[in-house]
């Protein structure tokens, strides 16, 4: 079975009628900063058919920030159980908010995990390049390391840095350190 998509307004209609179960596959701190009322948090790293909320007789809808992690979660769930009827929210919670629909907000800005990874890689490649130019050419190995990591992530769909960063305290709800700031 293939992954179906649903737009924000259709999902809102389903939720209002009690026809859908919504699962948020973002990290706990992202969910805490902003979430759709009634969504069950199940981070992508923990997604499995066994951990899904009861959705018997209802449509199962997955969402993330912009849709990519939601699609990955749908693929993972369909690999476990091809009989699932599953939907991915097109554009994620960003599309939900752009459609003018209400979401709960803590009033904090949270840098999504994919952008944390991009920022980390960018800083390390820049630092490696500058250190190679000004200090020692051996620092080019640092840029090569991150290039190899990006290649692996592109080929496999698995980003080791994202997995590591998702376990950092600022990406956990209630963590002492936080990547969240008051807006």
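Calculate the translational D of region 113-174 in whole µm² s⁻¹ from Stokes-Einstein, where the hydrodynamic radius comes from the Kirkwood formula applied to all Cα pairs, the temperature is 20 °C and the viscosity 1.002 mPa s. Answer, rounded: 171 µm²/s.
Shape class of region 49-108 from the alpha-carbon gyration tensor: prolate, with a/c at 1.5 or above and a/b greater than b/c.
Mind checking the angle between helix 113-134 and the chain's longest principal axis? C-alpha axes, 0 to 90 degrees, to the nearest 10. Roughly 10 degrees, rounded to the nearest 10. The DSSP beta bridges internal to the chain are antiparallel in roughly 30% of cases.
Label point of residue 76 set 7 angstrom out along Cα-Cβ; within region 90-116, amide nitrogens under 16 Å from it belong to 113-114.
Across the chain, C-alpha contacts under 8 Å between residues 6 or more apart give a mean separation that, scaled by the residue count, equals a relative contact order of 25 percent.
For the chain, the longest principal axis of the C-alpha atoms and the axis of helix 68-80 are separated by about 70°. Candidate values [x] 15.6, 44; [y] 15.5, 48; [z] 18.6, 64 were compared with Rg and Dmax of the Cα atoms in Å computed on the shown model; the agreeing label is [z]. Once the Cβ-Cβ distance between residue 134 and residue 114 is put in as r, and R0 is 30 Å, what FRET efficiency do you end up with, to the nearest 0.05? Here the calculated transfer efficiency is 0.50.
Helix 140-156 and the long axis of the chain differ in direction by around 20°, with both axes built from C-alpha atoms.
Using a Gaussian network model of the chain in which every pair of alpha carbons under 10 angstrom is joined by a spring, one finds that among 155, 60, 15 the greatest mean-square fluctuation is at 155. Put a dot 7 Å past the Cα of residue 45, heading toward its Cβ, do the same for residue 19, and the two dots end up 3.6 nm apart.
Every number in this text was worked out from the coordinates using simple rules, so none of it is lab data. Here the structure is a predicted model, which is why all the values come from computation and not from measurement. All Cβ positions, glycine included, derive from the backbone under ideal geometry; neighbour counts span all protein chains shown.
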